[in-house]
1. For the condition farther than 18 Å from His449 by Cβ, buried (at least 20 other Cβ atoms within 10 Å of the Cβ) and modelled with pLDDT under 95, what is the one hit in Leu516, Leu505?
2. For segment 156-165, indicate whether the set of residues that are among the aromatic types (Phe, Trp, Tyr) and at pLDDT below 75 is non-empty.
3. Taking the stated definitions as given, is Pro427 in contact with a Lys or Arg (Cβ under 8 Å, 6 or more places away or on another chain) and either at pLDDT below 95 or closer than 23 Å to Val371 by Cβ (or both)?
4. Which ones in segment 315-327 are surrounded by fewer than 20 Cβ atoms within 10 Å (Cβ to Cβ) and either touching a helix residue (DSSP H, G or I) at 6+ places or on another chain (Cβ under 6 Å) or in contact (Cβ under 8 Å) with a residue 12 or more places away in the chain (or both)?
5. Search segment 623-648 for residues that are over 20 Å from Val137 (Cα atoms) and pair each with any residue that is open to solvent by less than 20 Å² (accessible area, probe 1.4 Å) and acidic (Asp, Glu) when their beta-carbon atoms are under 9 Å apart and the residues are at least 6 apart or on different chains.
6. Tell me which residues, restricted to segment 484-535, are part of a loop (DSSP other than H, G, I, E, B) and out of contact with any Phe, Trp or Tyr (no Cβ under 7 Å at 6 or more places or on another chain).
7. Of all the residues that make up segment 479-500, how many are at pLDDT below 90 and either under 11 Å from Val94 (Cβ atoms) or open to solvent by 20 Å² or more (accessible area, probe 1.4 Å) (or both)?
Amino acid sequence: MRRTLYLALLLAAGCDGNGPPPDAAPEPDAGAPPAPRITCLSPRQGEMVQDDALVDVEVEVGVPASATEVTIGGVAAVVEGEVARARVPVRYGVNNVRVTSQGLEQLCSFLAAPAYTVDGERATGVVTTLRLTAAGVDDADGAGALNSLGDVLERATAAGWLGGAFRGWIGDPLRFPEPVCMPAPGEACSISSAGPRFSRFELDTDGLAVPDETALEVVDGGLRVIATGSGIELTAHVVGRVDPGFIECDSVTLECRDVSIFDAMGDVTLDLEVTSVVDLALAADGPSVRLREVEAVVIRNVSASLPDVHPIFRADVEFAFASQLAGGESGAPSRDQLGEGYGQAVATLLDGVFSGVGSSTQGASFSVPGVDGRLVTLAPTARPTVVEASAAEGLTFGVRTAIEVPRPRRGGLRGAPIREPGADVRPSPTGASGVNVSVVAINQVLHGHWEAGGLDGIVAPDMIVAPDMIVAPDMIVAPDMIVAPDMIRLDSSLPAVVDGSSGALEVMIGGVEATLAGPAPYGAGIHVRFGVTARTSEIGTGTQPAIGPGGFELTELTFTADRALDDASRGQVRAFVAVLGHHLAGFLLNDAQPALPLASVRVPTALPLDGRPVPTGVVTAATLSVASPSFRLVGDRFEAEGGLGALP
């Protein structure tokens, strides 16, 4: 049988408050008396309310009725004139309450949640969290692939960023205090000591090399950074004298001079290791890294070459200078200055790197199709709300996401629903990194998609996707065996809502209105409202946990029609509603969803240094999170763990 299906969504009318206006009936035929109808008064059709165990549902039945003639959600209603009310149980998410009165029926759909994203940041909580263990912080494999933060530091070091920052912090030149006494080996330093005395000493910092290696480890509240440089060559300028003085005379000219006085240039070679600790915290504008302390500065294997010093004293001057620079009291200011320079440079670099903490999808708008194939544009935003460092647990970055709608078609909305306000669940990875994403992220997209009119439009028949068999309450539907309408007009007064608290993923759809026209039983048009809940435990891998076309079971299916239907006609309409509901569930979780927003660290190709961009050694900007994630649903969160790496 060839089926032709047309879906056309009615544009939502303007509304105020938290939902659309009260129900509007189709225009009656000219001259015909108004037909009685049921109108949802409270909650209004499409309203978003704070949930509770029970909600008072109030409807207008159109004509006076007795209490025994009105049921609301299966509960006998209290009737006063044309208004009936009953207290019915509600659930988190979409609630579809069926109302019957004197042969009439209506579906009143509303959304209930403890909080919504517009209720503030505290309600939204942390949407996605990334945790890095010791291996994710530093895998100790050098600057190969970007599989740890240590690799980022190594890349920036090799590219010269860290060296530029170091020279900027340390200044030029590096000086000993004046004067400096450097006694001969085995002698104490005093004003009358024999040995070299420097009135001026400078090290040219242009020759200060970047560290050959860096190592990172997490401490409580921050990071310990160990920077090691080998064979660092510096140019030295030394001025001073050696006591006691020595006069040397030329045997030919008989000219004499004091050769114990020197003003010499030379070279110094040394190995340097600086251990510093930086604080990592969350500031108003994002993560902040500041130098806490320089724990140690170790200078080893110092050798000095001062050829301009007279040969008689040269070895003494070189030895005294090298020993003081490596560990003597007179060299302490220089060592402190070296340590401060390296520590501040590392803190500056890490501050720039951690400014990239956010979500993997932020920064650029994306387009997803509406049900009619028309593209809907949404703009994801994110900002870090948790930045923690713990020696026991590693680094934790929590991110709050949001979806902005550049061209909304609805206003006065409360935002995406939140089951657990303020939730902040941390991953506990066994590998280098772990990430989780709350289903709030999916609901943010579903809400934005609906707000932008993604459930409005005209749909070609071949766009409806259904499996060979659909399992629904009290029925199994074979889509090829049903009678389908020729034209469908749809309008949804509510966004779909996803929930994972039951241990499986549920998609709740409600507030959908359809006018079905075509062969019998549809005729010129049947106006229906329907709601479905689709459940699946089939979650694909990757950054978008896709659901296969046959992966849903309909656990709830309800609809009402604007006219009485015989049993056969009702069965045919119900079967088609099952096909349409199944299609919408798959479409909203697959076609209408971008990749999940993963908490991540974005490493740019350059970071500012002294007001100009300096390369970080990363050729193409990389977004670091769990590489090749394979998600599993745990409660209301998708979780994945594995090695840290650049996302595609």
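1. After ruling out the rest, the residue left standing is Leu516.
2. At the first step, the residues of segment 156-165 found to be among the aromatic types (Phe, Trp, Tyr) are 161.
Okay, now just the ones that are also at pLDDT below 75, so none.
Looking through segment 156-165, none of the residues is among the aromatic types (Phe, Trp, Tyr) and at pLDDT below 75.
3. Values: in contact with a Lys or Arg (Cβ under 8 Å, 6 or more places away or on another chain): yes; either at pLDDT below 95 or closer than 23 Å to Val371 by Cβ (or both): yes.
Yes; evaluated as a whole, the condition is true for this residue.
4. Start the filter on segment 315-327 by keeping residues that are surrounded by fewer than 20 Cβ atoms within 10 Å (Cβ to Cβ), which leaves 315-316, 319, 323, 326-327.
Within segment 315-327, Asp316, Phe319, Ser323, Ala326, Gly327 meet the criteria.
5. Asp636/Asp499
6. Residues of segment 484-535 that are part of a loop (DSSP other than H, G, I, E, B), as a first pass: 484-486, 493-496, 500-504, 519-522.
Once the filter is applied, which keeps residues that are part of a loop (DSSP other than H, G, I, E, B) and out of contact with any Phe, Trp or Tyr (no Cβ under 7 Å at 6 or more places or on another chain), segment 484-535 yields Ser493, Leu494, Ala496, Gly500, Ser501, Ser502, Gly503, Ala504, Pro519, Ala520, Pro521, Tyr522.
7. First, pick out the residues of segment 479-500 that are at pLDDT below 90: 479-491.
From the residues that got through so far, the ones that are either under 11 Å from Val94 (Cβ atoms) or open to solvent by 20 Å² or more (accessible area, probe 1.4 Å) (or both) too are 480-481, 483, 486-487, 489, 491.
The total comes to 7.
Residue by residue, here is whether (1) closer than 22 Å to Trp450 by Cβ; (2) of a type in the set (Val, Ile, Thr); (3) at pLDDT below 85 holds:
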{"site": "Ser66", "(1), (2), (3)": "no, no, yes"}
{"site": "Glu69", "(1), (2), (3)": "no, no, no"}
{"site": "Val78", "(1), (2), (3)": "no, yes, no"}
{"site": "Val83", "(1), (2), (3)": "no, yes, no"}
{"site": "Glu121", "(1), (2), (3)": "no, no, yes"}
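The values are calculated or read from the model by the stated rules, or taken from the named source; none is laboratory data. Keep in mind the model is a prediction, meaning the values are calculated, not measured. FYI the Cβ positions are ideal-geometry reconstructions off the backbone, even for glycines, and counts take in every protein chain you see. Accessible surface areas use protein heavy atoms only, side chains included; no ligands, DNA or RNA. Shrake-Rupley method; radii C 1.70, N 1.55, O 1.52, S 1.80 Å.
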